[in-house]
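J.: Sharing a structure below in structure tokens format, with a few things to ask.
All of the numbers you see were taken from the coordinates with simple rules; none came from a lab. Small disclaimer: the values here were computed from a predicted structure and weren't measured. For neighbour counting, all protein chains shown are included, and Cβ atoms are generated from backbone atoms with ideal geometry for every residue, glycine included.
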Amino acid sequence: MNAPVIWIIVPLILAALTSLFRRGRVIVILGGATTLLLAGISLLIPIDTALAIGPLSLKIAPSLQILGRRIVLNSGEQPLLTITYGLAAFWFFGAEAAGVARRLIPVGLAILALLVASVAVQPFLYAALLIEIAALLAVPLLSPPNKKSGRGVVRFLIYQTLAMPFILFAGWLLAGVEASPADIALVAQIAILLGLGFAFLLAIFPLYTWILLLAEETSSYALGFILWLLPLTVELFGLGFLDHYTFLRESPRLVQALQVTGLLMLVTGGLGAAFERHLGRLMGYAVVAQTGMSLLAISLGGQNSIPVFFLLLVPHALGLGIWTLSLSVFQHTLEPVRFNTVQGMARLFPFASAGIVLANLSAVGIPLLAGFPVRLVLWEGLSEQSLGVAFWFGIGILGLLAGAIRTLAVLVMAPTGTQWQTRESWQQRMLLGLGIGVLFLLGLFPQIIYPIIANLPLAYEHLGH
Amino acid sequence: MLIEIISWTAAVVLVVTSVGLLISRDWRWSLGLLAVQYLGMFWLVRLHWPLAMAAVKLVTGWMAGSALNITRIGLAKDSNDDEEAWPQARLFRLLAAALVLLVVISATPRVNNVLPGIGLPAVFGGLILFGMGLLHLGITIRPLRVILGLLTVLSGFEIIYAALEGSVLVAALLAGINLGLALVGSYLLTAGPEPKTEESL
């Protein structure tokens, strides 16, 4: 048994297998059950430790050699595997209700495997290549074969591809700066190259236009999956850089840059959401704002930054899943999902309407919802550093809140006499109801996911200790 | 000395092909120029890599071009990538290409100092492809043109990176990315509603 085989090769094989099936339900069961099983294995069976099961001895080896390089998954990465595969199962089980199971699950499994490989590959710099391959695989997911390709997907492809050369060059230069850290000119060159690379990958302001364009062009659920997984992997890759290079980790300028970039993302995302009339684009702005929050969490520094960053993961993925599933429900009957077309729809689609509004409010950090505890910690941390930063954080949050209130107002603005109905399918009702329940559960009892989250930083040798 | 002359010839070929890609309006010419571009790239990569590994770049590039060619042949005649803004567009592109060329000429010695041991022709060839590819990406949104631009950018990057990194895994992944880009391009070119045939009518 070998960890990379279990968590990388098996999902890749399954991705190929599931693409052969035609029935959405079979694909959902296969994909969802496998990812859940993989999450369970990573939770229960430690890597590189012999387990005696009766007369048998079981041990999962941590590494695999491919073309002279190693792919290593240690026990430190297990919480990350549990979270990633667990959340992927959540996305896959909702795929049928969103009507994208046949497209999402085969491609999603392959992307997931590649992104896990990007965390495990050594040297870690090669992750840039794997992320690029994952981005290429995402194109058929974001551009359905029966629809002419739009500007969003083309821009996505350009930005993700351009990122790779910059990061690989920067990585090569970083080896040189380790030998002579006092070379200021070299450090500046590295900063520019790395900054450009990550700006393209993470859709940093002003390079996030593809998110907004795609939010209008494609299935919200498919886009939501990519917007959950791709930035997460890139952020983990970025943390890898900080973990490997001391001068980056200890650079006050990097903290400043992260803070400014994070605030720029949060404020522009928040203000965009406040004035947006297209529900998909509004979700896109919220994703931009949440990427900003992740950057702000990393910029906190000290012992708090990495735990806060990881605390953001689950509420973000859960909220995004509910939000995009609800949007997909609307997209099946109303196109485009603009304010004028969804007006009063809360009476006809109460679950989807509740999903959109509550996911939006969770992104804002309203008490009782999953996003609240971590936003409180983050805001408090930022206010200890600078009141100005905390103020702009508040502006961004206010923008998101304005977007949520406007959406709520439009959705409930039904003509007098409209009867309450539930036009969602039973599957959509069940999934949305369950999701909203978990959103409240995590808001009321955030400590229930803490045992897994607490060990996530251990994947990083320096940052996590 | 002979190698130096051939290397500079390859670099000049890259200038011609990349500018040609930028101004050509016929997709057949574009794909032909791409094939020649990979020949020039092969030679410059060959300076640092063994023949077998450098040949991978050439074969992959040609495979990518073939995939795009086969897809494009199968498409209707009216879905061409011709630009209609002649003569202004072509003139503008030539001027922009000249600007990129000037920037590359001035930057080559500096980059050569930062990345010693690569050699001026490889640095020049790499930068010219990178620059022209970026320019190409900046002025088009059509899928075929975008893929050609991205393949050009990647070729430029690969010429320089070959001197820095000789890993087989990286070579394999980059080959996969080039092929993947071509396949994605083919997918984007063919994506769209099914055309109504007589039978379906």
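J.: Let me spell out the model: positive unit charges on the Cβ of Lys and Arg, negative unit charges on the Cβ of Asp and Glu, origin at the Cα centre of the stretch A:145-246. What dipole size does that give, in debye rounded to 20?
T.: It comes to approximately 500 debye.
J.: Restricting to DSSP H runs of at least four residues, report the calculated mean residue ellipticity at 222 nm for chain A, -39500 (n - 2.57) per run over all residues, nearest 500 deg cm²/dmol.
T.: -23000 deg cm²/dmol
J.: Let me ask you something else. Taking every residue in A:320-326, how many Cβ atoms of other protein chains lie within 10 Å of its Cβ, on average?
T.: 0
J.: Let me ask you something else. When Rg is the radius of gyration of the Cα atoms in the stretch B:89-153 and Rh is its Kirkwood radius, what does Rg/Rh come to?
T.: 1.04
J.: For a quick check: sort A:332, B:48, B:136, A:462 by the number of other beta carbons within 10 angstrom, fewest at the front.
T.: The order, fewest Cβ neighbours first, is A:462, A:332, B:48, B:136.
J.: Within the stretch B:99-199, list the GluC sites (Glu not before Pro) lying in a DSSP loop whose Cβ has at most 13 other Cβ atoms in a 10 Å radius.
T.: Sparse-neighbourhood loop GluC sites (Glu not before Pro): B:198, B:199.
J.: Quote to one decimal, in nm, the extra length available between residue B:120 and residue B:55 on full extension: 0.36 nm per residue of separation minus the C-alpha distance between them.
T.: 21.2 nm
J.: Right, another one. In the protein assembly as shown, what is the count of Lys pairs whose alpha carbons are under 24 Å apart, counting only pairs at least 8 residues apart or on separate chains?
T.: Qualifying lysine pairs in the protein assembly as shown: 5.
J.: Then there's this: Taking just the alpha-carbon atoms of the stretch A:60-176, what radius of gyration and Dmax come out, in angstrom?
T.: 16.4, 51
J.: Let me ask something additional. Could you state, as a whole-number percent, how many of the C-alpha pairs of the stretch A:110-162 are farther apart than 18 Å?
T.: 37
J.: Taking just the alpha-carbon atoms of the stretch A:1-122, what radius of gyration and Dmax come out, in angstrom?
T.: Calculated on Cα positions, Rg and Dmax stand at 14.8, 47 Å.
J.: Per DSSP helix of 4 or more residues, -39500 (n - 2.57); summed, then divided by the residues of chain B. What does that give at 222 nm, rounded to the nearest 500?
T.: Helices in chain B give a 222 nm mean residue ellipticity of -27000 deg cm²/dmol.
J.: Need one number: the % of Cα-Cα pairs in the stretch A:251-465 sitting beyond the 27 Å mark.
T.: Across the stretch A:251-465, Cα pairs with separations above 27 Å total 33 percent.
J.: Further question: Averaged over B:157-168, how many beta carbons belonging to a partner chain fall within 10 Å of each residue's beta carbon?
T.: For this peptide, the per-residue mean of nearby foreign Cβ atoms is 3.
J.: Next question, about the same structure. Using θ = phi - 60° and the Karplus relation 6.51 cos²θ - 1.76 cosθ + 1.60, list the HN-Hα couplings for the stretch A:193-201 in order, rounded to whole Hz, with x at every Gly or Pro.
T.: Along the stretch A:193-201, the couplings run 5, 4, x, 5, x, 6, 5, 5, 5 Hz.
J.: What longest region of chain A stays clear of trypsin sites (Lys or Arg not before Pro) that DSSP places outside H, G, I, E and B and that have at most 11 other Cβ atoms within 10 Å?
T.: A:24-465
J.: Rounded to whole Å and sorted largest first, list the principal axis extents of the Cα atoms in the stretch A:58-112.
T.: Principal-axis extents of the Cα atoms in the stretch A:58-112, largest first: 40, 25, 19 Å.
J.: Further question: If you average 1/r across every pair of different Cα atoms in chain B and take the reciprocal, what Kirkwood value do you get, in Å?
T.: Computed over Cα pairs of chain B, the Kirkwood hydrodynamic radius comes out at 17.5 Å.
J.: Output ³J(HN,Hα) for the stretch A:225-237: one whole-Hz value per residue in order, computed from phi by the Karplus curve 6.51 cos²θ - 1.76 cosθ + 1.60 with θ = phi - 60°, and x for Gly and Pro.
T.: 4, 5, 6, 7, 7, 5, x, 4, 5, 5, 5, 5, 4
J.: What is the Cα convex hull volume of the stretch A:145-246 when expressed per residue in Å³?
T.: Value for the stretch A:145-246: 95 Å³ per residue.
J.: Here is a further query. Quick one: putting +1 on the C-beta of Lys and Arg, -1 on the C-beta of Asp and Glu, what dipole do you get for the stretch A:261-413 around its Cα centre, in Debye to the nearest 20?
T.: 360
J.: Using the Cα centre of the protein assembly as shown as the reference point, and only Cβ charges (+1 on K/R, -1 on D/E), how large is the resulting charge dipole? Debye, rounded to the nearest 20.
T.: About 1080 debye.
J.: Sort B:110-120, A:354-364 by packing, meaning the average of other beta carbons within 10 Å per residue, with the highest value first.
T.: A:354-364, B:110-120
J.: Follow-up. Mind checking the log10 I(q)/I(0) for chain A at q = 0.08, 0.09, 0.11 Å⁻¹? Debye, one equal scatterer per Cα, no solvent, two decimals.
T.: Per q value, in the given order, log10 I(q)/I(0) is -0.44, -0.56, -0.86.
J.: Here is a further query. Scanning chain A for GluC sites (Glu not before Pro) in DSSP loops with at most 12 other Cβ atoms within 10 Å, what's the longest stretch left with none?
T.: It runs A:1-249.
J.: So which chymotrypsin sites (Phe, Trp or Tyr not before Pro) in the stretch A:377-461 pass both tests, a DSSP loop state and at most 10 other Cβ atoms within 10 Å of the Cβ?
T.: Passing both the DSSP loop test and the Cβ count: A:420.
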